[in-house]
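Accompanying notes for the structure given below.
Throughout, read-outs are computed from the coordinates displayed, never taken from laboratory work. What you see is a predicted model; the values in this text were computed from it and never measured. A quick note on method: Cβ atoms are made from the backbone with ideal geometry, for glycine too, and the neighbour counts reach across all protein chains shown.
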Amino acid sequence: MIESIRGSVEKTADSIIHIRTGPIVVRILAPGYFFKSVSAGQDVDIPVYLHLQLEGNRIVPLLVGFPEVRDREFFEKFISVSGVGVKAAVKALEKPPDRIASAIASEDYDYLTTLPGIGKKRARQIVAGLQEQMEKIYGSVSSGRTASVAGGEAKAVLRQLGVPVTEADKLIETACSELGEEAGTSDIVKRAMKIRSRQ
């Protein structure tokens, strides 16, 4: 099984990231929240999920890429829900998995139905199948929901600004502890960048 792909991004188009690794260029399908943070010329090391898709008489390999291993773990749980296929899941993940995990844990059907391709019936199936599993992957996402949601969105912004994942986690944790649970996304981002500038 292919665990990850390391190389340089040659181009991005239509949710596909083209990565050159040695003499080979690999096409990787990326969920919207991740695709938006990748640009040509960037060096990446992307955890991937390999899916073999049957198209007529052919078996076509499909690689789906993620910024972190735990995002791939979330994706594997997400597609385990009846009726949620690989391509449908990629399309639905327009927001970071930790934000979606928070919505699943807190039974936030209104939010889940804003995801592309997810209607009320599918949202209920997702919550029924995954609610108990979300804390095992993302911690206590059901508690402190406001902070969790804003923190997840702030993390996505920091990653787009080029802040490494591990550093972003620490900055957000510190910012949230200083600002309190009611802090919004923009406030967390501003405080995190201010903390970073002092280091």
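Worth a mention:
- Under 5 Å from the amide H of G85 lies no amide H of any residue 5 or more positions distant or on a separate chain, with H modelled from the backbone and absent for Pro and chain starts.
- Diffusion coefficient of the stretch 4-65 by Stokes-Einstein, Kirkwood radius over Cα pairs, 10 °C, 1.306 mPa s: 133 µm²/s.
- Note that the stretch 69-138 carries a Kirkwood radius of 11.6 Å, evaluated over its alpha carbons pair by pair.
- Per-pair calculated FRET efficiency, R0 = 45 Å: K194 and K121 via Cβ, rounded to 0.05: 0.55
- Between the beta carbons of L52 and T113, assuming R0 = 25 Å, the FRET efficiency works out to 0.25 to the nearest 0.05.
- All Cα-Cα separations within the chain were binned at 5 Å from zero, giving a P(r) of 1, 7, 15, 18, 18, 16, 12, 7, 3, 1, 0, 0, each value a whole percent of the pairs.
- Of all lysines in the structure, those lying under 19 Å Cα to Cα from K155, and not within fewer than 8 positions of it along the same chain, are K36, K95, K170, K190, K194.
- Alpha carbon centroid spacing (whole Å) that separates the stretch 13-82 from the stretch 85-129: 19
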